[in-house]
1. Counting only helical runs of four or more DSSP H residues, what would the 222 nm mean residue ellipticity of the chain come to if each run contributes -39,500 (n - 2.57) and the total is spread over all its residues?
2. Specify which labelled value, from (1) 1.55; (2) 1.13; (3) 1.27, agrees with Cα Rg over 2.2 N^0.38 Å derived from the coordinates of the model shown.
3. If you keep only loop residues by DSSP, which GluC sites (Glu not before Pro) in the range 526-593 have at most 13 other Cβ atoms within 10 Å of their Cβ?
4. Tell me the relative contact order for the range 268-367 as a rounded percent, counting alpha carbon contacts under 8 Å between residues six or more apart.
5. What residues from the range 231-264 fall in the zone where the backbone N is under 11 Å from a label point 7 Å along the Cα-to-C-beta line of GLU225?
6. Under 19 Å from the Cα of LYS468, which lysines turn up, not counting those fewer than eight places away in the same chain?
7. Do any trypsin sites (Lys or Arg not before Pro) in the range 282-362 lie in a DSSP loop with no more than 14 other beta carbon atoms within 10 Å, and if so, which?
8. Remind me, relative contact order of the chain in percent, using alpha carbon pairs under 8 angstrom and six or more residues apart?
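A short reminder: the numbers here are calculations on the coordinates, not readings from a lab. Note that the structure is predicted; figures quoted are calculated from it, not measured. Positions of Cβ are backbone-derived with ideal geometry, glycine not excepted, and every protein chain shown enters the neighbour counts.
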Amino acid sequence: MAASTQIEIEDMITVGTLAERLSIPVSRLITELMKNGVMATVNEKIDFDTAQIITEELGLGIELIRKSEDSGGNRSGLTHEKVKPSAKAVTRPPVVAVMGHVDHGKTSLLDKIRSSHVVDKEAGGITQYISAYQIEYKGREITFLDTPGHEAFAAVREHGAQLTDIVIIVIAADEGIKPQTVEAIRFAKKVGVKIIVAINKIDKPGADVNRIKQQLSEQDLLVEEWGGDTLVVEVSAKTGEGVDNLLDMILLVADIEELKADLDVPASGLIIESHIEIGRGPVARALVEAGILKVGNYIVAGGSSYAKIRTLEDDKRQAIESAKPSTPVTITGFRSLPDFGDEFVAYNSEKEAKEAIGQLLKQKKNSATRMDISSSELIRLINRNNQVVELNVIIKADVQGSLRSVMDSLKALDTEEVAVRFVGTGIGPITDNDIRLATTTNAIIYGFNVHVPASSRQHAKRDKVNIKKYNIIYELIDDIKEELSKLLKPEVVETELGKLTIKGIFKTTKTDLICGGEVSSGKLQAPALARVMRGKTELATAEITNLKKGPSDVKIVHQGEMCGVDLKTKQKLDLQEGDRLEAFTRELVERKL
């Protein structure tokens, strides 16, 4: 039978994006992938064939169509391919991403290299953005990217791998490989970059380097001393031991890889991060990949964001006039905020830049399908048939990378019963417009590393709008998980008590009866519920309102004891000797995600 709906997707698509296009919870798609032997996280990419098979297995009545190469596409996201240098290209510094599990010492290691104290400033001791730094070692420059370690920043971490030539996987010697370590290795392998493993905290009690080397082999990373090609360096971010050796290995790999870039081409690169600054407007953190980026250049990022570069700053926030390949820079002068992951290209004039934007927008418009134009919210309403309870939220974050990470993490919380609905998102402080939107949609406002102006606080208090601010991402996620749990229907839990064999019937009315018998197992208690059984057939469910032992009322009767039972029913029962009462209690229990 032909599918009722067709959706175009790319050759590679993330699990989260596919779930959104199919309008199903991410958890359902991940479960179906696991059933088919594919272990993938919400931000991991799967190929078209896998997506097609899984969609058919789900039975959604949707047919996937491979998006053609001439369908426009966009220049943003995590599908970036590095520009291939020409014969005129010159040697450039290596770009090194530092990745691994939270608390394994990534930022502390960079801290030691840079002789600064970045880690002290981070909320919860966790890197929450990609931070870029450039150092000089033995007369050569090395660019480092410090990527977040918490699981919620998977998209940011993958973005870091896409940008780099070398990935350093930091593993704590006393803890070994963790799930986020495995994820970082997977990202690095996916983009085909050289991996160097830094075994950190070798000075701590319980450090076991050989155990980690064995764990690496289980991830298909065989160390050099065992006949493989994976470089392993033992370091201590605390004492500095092994740090110079690590830098030597980076330069060695860079020499082997012969990293080069062209200078006599229009400058291009990638947006690492973007945010709004009071007094400076949209500000982007970028990495130059080719050409020389200069103050005054006209650049287009992602096909829709345009800038005449007003200022360029290096990683130390010092003003510079130009930046060569592999240099991290801060750019001001954007008319609108570029997206996390956008490519940027420099043009010779404002006219050329605006023409390029017009061309890209035209391509996107021509390539848009009906499904692309339709509201995703409308699709969700149609498909879910009002069975899903939604939590309306407004998310405001300090930078684009954090906003994406928060949203991706919250999408993964969706189930067949409850889901997060983003009625508004944005970068920068919580404003009066956010308060008004929350009032009309009954939404909770979540701020991540942003402030609330005094006037907006008063507005929220007057309109009774709930604003929650966090600077640690997993605390924000836990809060929303708690809010979603409140929307879950409570679970009905039945607890079996005991059985009574009826040996006499003393009184019967339309809704009440009194019988007596012996407790054959467990216990009877009042009040409680009871199934009235004749053989294997259930006649009815009744309520035990009272128990008697002799002339006395009792609350509990144990196995082997005789008692009288007052039953209340909704219909008249033709009770007979030999019938059984199976007593139980029923209670509503709150559920958690």
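1. The helix-only estimate for the chain comes to -8500 deg cm²/dmol at 222 nm.
2. Computing Cα Rg over 2.2 N^0.38 Å and matching it to (1) 1.55; (2) 1.13; (3) 1.27 gives (3).
3. Working: sites: GLU538, GLU543, GLU561, GLU577, GLU582, GLU587, GLU590; in loops: GLU561, GLU577, GLU590.
Of the GluC sites (Glu not before Pro), the ones in loops of the range 526-593 whose Cβ has at most 13 other Cβ atoms within 10 Å are GLU577, GLU590.
4. Values: 247 pairs, mean separation 34.7, N = 100.
Once normalised by length, the contact order is 35 percent.
5. 232-234
6. LYS396, LYS411, LYS481, LYS486
7. Numbers: sites: ARG285, LYS294, LYS308, ARG310, LYS316, ARG317, ARG335, LYS351, LYS354, LYS362; in loops: LYS316, ARG317, ARG335.
Answer in residue order: LYS316, ARG317, ARG335.
8. Values: 1327 pairs, mean separation 63.7, N = 593.
In percent, rounded to a whole number, it is 11.
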